Amino acid sequence: MYKYSEKDKQFLVERVDQFEKQLNRYLSGELDEDKFRSLRLRNGLYMELHAHMLRIAIPYGILSSNQLKALADVADKYDRGFGHFTTRQNIQFNWIQLPEIANLLRDLTEAGLHAIQTSGKATRNITADPLSGLTEGEIEDARPYCELIRRWFNLHPEFSWLPGKFKIAINGAKLDETALRIHDLGLRLIKNKKGELGFRVYVGGGLGAAAMVAPETASFVPIEDILSYLESAMRIYNLKGRRDHQKKLRIKFLVRELGAEEFSRLVDEDWQQTKNDPDLKLNLKELESLQEDFALPIEPINLDGFKDKVDFNYSIWKKNNVRNHKTSGFSIVNISLTKLGSAPGDATSEQMRILAKLADQYSSSEIRTTKRQTMVFPFVRKDQVFDLWKALEENDLASPHEGTLAQIVACPGRDYCDLAKAVSIPIATRVQERFNDMNKLLDIGDLKINISGCENSCAHHHIADIGLLGMQKKGEEYYQITLAGETLHETNIGKKLGPSVSSETIVDAVESIVNVFIDQRQKEEKFIDVFKRIGIEPFKEKVYG
Amino acid sequence: MDEIQNLTSLINRDYEQIPLVSFDEWIENPERHSRLGVGIIIEPKDDIYLIKDQLEFIELIALDFNNFDDGRGYTQAYFLSKRWQYGGEIIGINAHLDQLQFMIRSGVTTYQLLDSYQGSNEEDYSKGFSMCYQAAANNHGLNLQY
């Protein structure tokens, strides 16, 4: 497993030292509110409704058991004993006291964890497929590229004060678990006709009020030239991006205004000046070394004669939560933290410690986090899956919700977030209550519901089967419904169903939509297939009719 | 609040006083201004491409960094320093303490801090970190690891 070197850790310590000085200057009145805001965001620190929120990066969704233990310690020492795993491979602590920030960050440096550029107008934590390296048909594991690119843009002198935040996703797998075309910049690893490896580049995607699927700006950039291409894309954005309008800061607005063709032309023109600069070539030797670091810690094993245990509850859990591994003899186990009434993505320090211990025992000390706010054990021997399930069940962690409607994604919502217009978690709970019947959940199958409390779309409602967006109407909470968003095979933003629905009736509306799906589906059709076949009208009729 | 200075001249590295004109004034009459031996103040909004072919006639260039969140100055410094190899001084004016390391690595050769930072320990912010993860316009004396 990839780990930070001593030099990397030293860098993290120096960054904390610097931030502590800035914090002290702010607390003594030397640094004004606006500048401190800009600096604290670059260190992952938000001012929320009740306290400060700190966002720690979980690069590529990978955590060692030691890192998870370190996060549990932070939850106990500095928070109220829990953390919130987000949809973008980060963990957030919501009850942090300002003067304690530097000590908290310092505690994490030894575990190689940090909050650098987890917020603010710079390149954010890079998103990778949480199942990288585990599934069949991958072109290549994207994570070594993610890491080289992350390093390059870490406190980059030219691109640390961009017009808006800048999110990058990289995918090397067949299916797109990263949702790369809703990112500011998405890279898809591909091979050209000569079999050479490179990236197809998409720029200008994003959710929010003006959701946009990123258009392609380059069909093939050789891997060694990717840094210079990324620099050129960011340079054009830095110079020409909208800084005059708070709601138009993201690169999607620039790409929309210029047109994808003109934007691509400007990037290409700049890139021609730099692509041969030896300083900007990807370090292939370092890439090789990272590929070794990210290599799987397991070898195939022969379990031909193995027969799994028979147990009713185990079978349901296994059907929903366990996936095939490309390495024979192993399984990928999904652990859902979802329980009725609990906030999606929340984990207590106790749960974190139990998971860390079980990962040591069953998964080569590695855990991954996903954009559906679940945890993955990536290296579980098939003949140990039952034992793991038993242990999870003993600790109340064997929720069989993964891959069902009950695995709802929700942002913290108005209960915690300053920006939110409506609550999210209570709606998730009410939907779960309505569908609190495992037979029904299994019958419905994999149907994704995402709930965002405002247009910032932290819960990615646009790309869910059923997306709910919270808003205010005459002081009341309402929810706009979107249907049939997807990213896995192709990228489509969900379609608006119609007028927003009151908080009181939103769960009825969700149930009506699910019922249309159940009534209309044929054979193995998923929600998106039914929607494409029958269109939006039958759903409208049922909800508003 | 930061007290922005409206500079009319700057002292260069040879201790000469160099008068300054705005970017727009220069663009209006580059021949005249190049004869006068002036420097230019460039603001983030100014299109730096317009002076690309006139650099050899410009005595010095002052990039204005007063807007803390406007990062265009860093790209302007990069163009002048690395891409176009401007030989004169690139002075970051109205500079902020916390951004010195970014300015210097982007190609700014010297800087003038805003008055509000008087008495601060500049070294804490100008020397940067024990290593850098990327090459940039100015890699001088740095431990680069990428």
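The values are calculated or read from the model by the stated rules, or taken from the named source; none is laboratory data. Every value quoted in this text rests on a predicted model; they were computed, and no experiment measured them. Methodologically, a virtual Cβ is constructed for each residue, glycine included, from the backbone with ideal geometry; neighbour enumeration extends over all protein chains shown. Remember, those area values only see protein heavy atoms, side chains included, never the ligands or the DNA or RNA. Shrake-Rupley method; radii C 1.70, N 1.55, O 1.52, S 1.80 Å.
Antiparallel DSSP bridges in the protein assembly as shown: what percent, to the nearest 5?
Of all bridge pairs located within the protein assembly as shown, approximately 65 percent are antiparallel.
Can you check what the net charge comes to around B:ILE104, using other residues whose Cβ is under 15 Å from the Cβ of B:ILE104 (Lys, Arg +1; Asp, Glu -1)?
Neighbourhood net charge equals -3.
Can you list residues whose amide H is under 5 Å from A:THR217's amide H, if they're 5+ apart or on another chain and H is modeled 1.01 Å from N?
Those lying under 5 Å, H to H, from A:THR217 are A:VAL201, A:TYR202, A:VAL203.
Buried accessible area for the B:A pair, summed, 1.4 Å probe, in Å² rounded to 100?
Buried: approximately 3500 Å² between A and B.
Which loop-located trypsin sites (Lys or Arg not before Pro) does segment A:436-545 contain, where loop means any DSSP state but H, G, I, E or B and the Cβ has at most 13 other Cβ atoms within 10 Å?
The qualifying sites are A:LYS474, A:LYS523.
Just checking the protein assembly as shown: which Cys have no other cysteine's beta-carbon under 4.7 Å?
Those would be A:CYS146, A:CYS417, A:CYS454, B:CYS132, since no other cysteine Cβ in the protein assembly as shown comes under 4.7 Å of theirs.
Are there trypsin sites (Lys or Arg not before Pro) in segment A:307-403 that DSSP marks as loop and that have at most 14 other Cβ atoms within 10 Å, and which are they?
In loop regions of segment A:307-403 (DSSP not H, G, I, E or B), the sparsely surrounded trypsin sites (Lys or Arg not before Pro) are A:LYS307, A:LYS309.
Give, as a single signed number, the net charge of other residues whose beta carbon lies under 14 Å from the beta carbon of A:LYS326, with Lys and Arg counted +1 and Asp and Glu -1.
Value of the local net charge: -3.
Taking segment A:194-287, which GluC sites (Glu not before Pro) meet the DSSP loop condition and have no more than 12 other C-beta atoms within 10 Å?
A:GLU196
At R0 = 25 Å, how high is the FRET efficiency between B:ASN121 and B:GLU16 if r is their beta carbon distance? Nearest 0.05 is fine.
0.25
Find how many whole Å separate the alpha carbon centroid of segment A:216-281 from the alpha carbon centroid of segment B:94-118.
27
What stretch of chain B, leaving out the sites themselves, is the longest with no GluC sites (Glu not before Pro) in a DSSP loop having at most 15 other Cβ atoms within 10 Å?
Counting at most 15 other Cβ atoms within 10 Å as exposed, the longest clean stretch of chain B is B:17-121.
Taking beta carbons within 10 Å but only from partner chains, what does the mean come to for residues B:64-77?
Taking all residues of B:64-77 together, the mean is 5.
Would you check segment A:6-109 for Lys pairs whose C-alpha atoms are within less than 19 Å, ignoring same-chain pairs closer than 8 in sequence, and give me the count?
Number of lysine pairs found: 4.
Determine the distance separating the Cα centre of segment B:6-68 from the Cα centre of segment A:377-451; give it in Å without decimals.
Segment B:6-68 and segment A:377-451 have Cα centres separated by 61 Å.
Set the Förster distance to 30 Å, then compute FRET efficiency between A:ASN103 and A:ASP34 from the Cβ-Cβ distance, nearest 0.05.
Working from the Cβ atoms, E equals 0.75.
Using the Cα centre of the protein assembly as shown as origin and beta-carbon charges of +1 (Lys, Arg) and -1 (Asp, Glu), tell me which of A:PHE11, B:ASN66, A:ASN24 is placed farthest towards the positive end of the dipole.
The residue sitting most towards the positive pole is A:PHE11.
Would you mind checking the pairs A:LYS165/A:LYS281; A:LYS252/A:LYS526; A:LYS248/A:LYS448; A:LYS496/A:LYS540 and listing those with alpha carbons more than 21 angstrom apart?
Beyond 21 Å: A:LYS165/A:LYS281; A:LYS252/A:LYS526; A:LYS248/A:LYS448.
What is the gain in length, in nm to one decimal, between A:LEU197 and A:GLU286 on full extension, counting 0.36 nm per residue of separation less the C-alpha to C-alpha distance?
Value of the extension gain: 30.4 nm.
Give a residue-ordered list of calculated ³J(HN,Hα) values for segment B:50-56 (Karplus: 6.51 cos²θ - 1.76 cosθ + 1.60, θ = phi - 60°; whole Hz; x for Gly, Pro).
5, 10, 3, 8, 10, 4, 5
What ³J(HN,Hα) values, in whole Hz, does the Karplus curve 6.51 cos²θ - 1.76 cosθ + 1.60 give for segment A:238-255 when θ = phi - 60°, with x put for Gly and Pro?
Values, residue by residue: 4, 7, 10, x, 6, 10, 8, 9, 3, 8, 10, 6, 5, 5, 4, 5, 5, 4 Hz.
Based only on Cα atoms, what Rg/Rh ratio does segment A:276-342 have, Rh being taken as Kirkwood's radius?
So for segment A:276-342, dividing Rg by the Kirkwood Rh gives 1.23.
Can you check what the net charge comes to around A:PRO400, using other residues whose Cβ is under 11 Å from the Cβ of A:PRO400 (Lys, Arg +1; Asp, Glu -1)?
0
Using all C-alpha to C-alpha distances in segment A:409-544, build P(r) with 10 Å bins and read off the rounded percent in each one.
13, 46, 34, 7, 0
In whole Hz, with x marking every Gly and Pro, tabulate ³J(HN,Hα) for segment A:344-351 from phi via Karplus 6.51 cos²θ - 1.76 cosθ + 1.60, θ = phi - 60°.
x, x, 6, 9, 7, 4, 5, 4
Compute the distribution of all C-alpha to C-alpha distances in the protein assembly as shown, in bins of 10 Å from 0, and list the percent of pairs in each, rounded to whole numbers.
In order of increasing distance, the bins hold 3, 14, 24, 26, 18, 9, 4, 1, 0, 0 percent.
How well do other chains shield peptide A:33-46, expressed as the mean number of their Cβ atoms within 10 Å of each residue Cβ?
Whole-number average of other-chain Cβ neighbours for A:33-46 is 2.
Using the alpha carbons of segment B:1-144, what is the convex hull volume per residue in cubic angstrom, as a whole number?
Given the Cα convex hull of segment B:1-144, per-residue volume reads 115 Å³.
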